[in-house]
Amino acid sequence: MSGKYKTAIVILNWNGKKFLEQFLPSVIKFSQSEENQIIVADNGSSDNSVSFLKEKFPEVKLLLFDKNYGFTGGYNKALQQIDAEYFILLNSDVEVSENWITPIIELMDKDKTIAAAMPKIISYHNNKKFEYAGASGGFIDKFGYPFCRGRILEHTEEDKAQYNDVRDILWASGAAMFVRADLYKQFGGLDDDFFAHMEEIDLCWRLKNAGYRIIVNPNSLVYHVGGGTLPNNNPHKIYLNFRNNLFLLLKNLPKQKIIPIIFIRLILDGLSGIVYLFSFKFSFFFAVLKAHFSFYFNIGKMFRKRNNLLVKKHYHKEIYQKSIIFSYFLKKKDTFDKLKL
């Protein structure tokens with residue numbers, strides 16, 4: 001792609017014509033400028049997304065792939081073809097707001113140690129509440145369970161401007177992730193073996209381990225539908241979440257914590273599997289089982305990836321050093337501010 005832009009807003013599409021029709025106009029309205037380029041990378045859609053884009057939005061650049069390479073593969077294929085200083089990975093089911101790019105880019109321009117960043121993400125369907133996939137910044141607990149400033153497990157908080165400060169986080173949501181293009185490429189981008197789910201946590205954790213910062217800047221605001229490609233009750237989503245969470249821990253934990261933490265995680269996963277079994281959710285039970293076998297099969301591969309990582313620091317105050325599940329269910333800590341992170 002010729003000519004270097006300051007920022008490339010890249011939307012990965014797979015059979016998402018209805019989302020493009022609904023949300024692309026806001027992206028064009030609030031993003032298009034001489035410095036910004038809007039690109040849709042199509043992951044082999046079988047609906048008429050591509051012909052629709054060519055007809056209705058000829059100003060948007062198109063990258064066409066022959067099949068669905070997943071979230072990870074699709075973005076990696078797209079971004080290696082794009083020349084820009086910053087990439088914005090933007091889901092097709094996101095409505096952006098006025099001036100959503102400038103506050104984050106200005107911050108990243110001033111501080112070269114910020115590798116990635118995200119806006120505040122509000123639910124499109126209920127604009128008083130944070131959205132599940134990111135809210136006002138991503139964190140994890142000691143066992144690798146993700147949660148957010150504004151969303152603990154399934155509980156999303158109402159946005160009362162309580163998390164409107166800029167702060168360091170562990171991961172930026174893949175729904176709207178700003179990342180330095182050179183670092184994205186230097187660190188190998190998203191891990192193709194994840195396919196989808198938790199790949200952004202892995203990338204951010206790798207960047208944090210290398211000494212870079214990840215931040216949320218709530219002065220930038222977007223609205224996310226969520227669950228657009230795989231709904232929450234999809235067994236394949238359960239499989240990817242359980243497997244990728246184990247991949248994530250194996251790749252990024254300090255060496256001395258790998259065995260104890262993953263051992264406990266496997267037990268906790270097993271308990272989840274038993275709950276699915278006794279709830280007659282057999283497809284979910286088998287998804288957990290399949291996830292564990294896939295993890296065992298790929299342990300060597302993940303260890304080799306681990307050895308290639310540039311690690312300067314392993315302690316991050318953005319990792320909650322307790323169990324979020326224990327804190328939520330037994331200590332009734334259902335909002336982020338109660339965690340004292």
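Bear in mind that the values in this text are calculations on the coordinates, not laboratory data. A quick note: this is a predicted structure, and the numbers were derived from the prediction, not measured. No Cβ is skipped: glycine too gets one built from the backbone with ideal geometry, and neighbour counts run over all protein chains shown.
Worth pointing out:
- Taking the Kirkwood radius as Rh and the Cα radius of gyration as Rg, region 230-339 has a ratio of Rg/Rh equal to 1.00.
- Build a GNM of the chain with springs between Cα atoms under 10 Å apart, and of 82, 122, 264 the one that fluctuates most is 264.
- Applying both filters, DSSP loop and at most 15 other Cβ atoms within 10 Å, to the trypsin sites (Lys or Arg not before Pro) of region 32-118 gives 67, 112.
- Out-of-range pairs (alpha-carbon distance over 18 Å; input 290/322; 6/112; 237/290; 142/317; 208/313): 290/322
- Sequence of 60, 50 once ranked by neighbouring C-beta atoms within 10 Å, starting from the fewest: 50, 60
- Using the Cβ of residue 175 as centre and a radius below 9 Å, the other residues enclosed give a net charge of -3, where K and R count +1 and D and E count -1.
- Across region 235-313, Cα pairs under 8 Å and at least six residues apart give a relative contact order of 46 percent.
- The chain - percent relative contact order, Cα under 8 Å, separation 6 or more: 19
- Within region 1-92, the percentage of alpha carbon pairs spaced more than 18 angstrom apart rounds to 38%.
- Local electrostatic count, residue 111, Cβ distance below 12 Å [Lys/Arg +1, Asp/Glu -1]: +1
- Local charge for residue 127 was computed over the other residues whose Cβ lies under 14 Å away, with Lys and Arg +1 and Asp and Glu -1, and equals -1.
- The candidate values were (1) 21.2; (2) 17.6; (3) 16.7; the one computed from these coordinates for mean projected area of the Cα convex hull in nm² carries the label (3).
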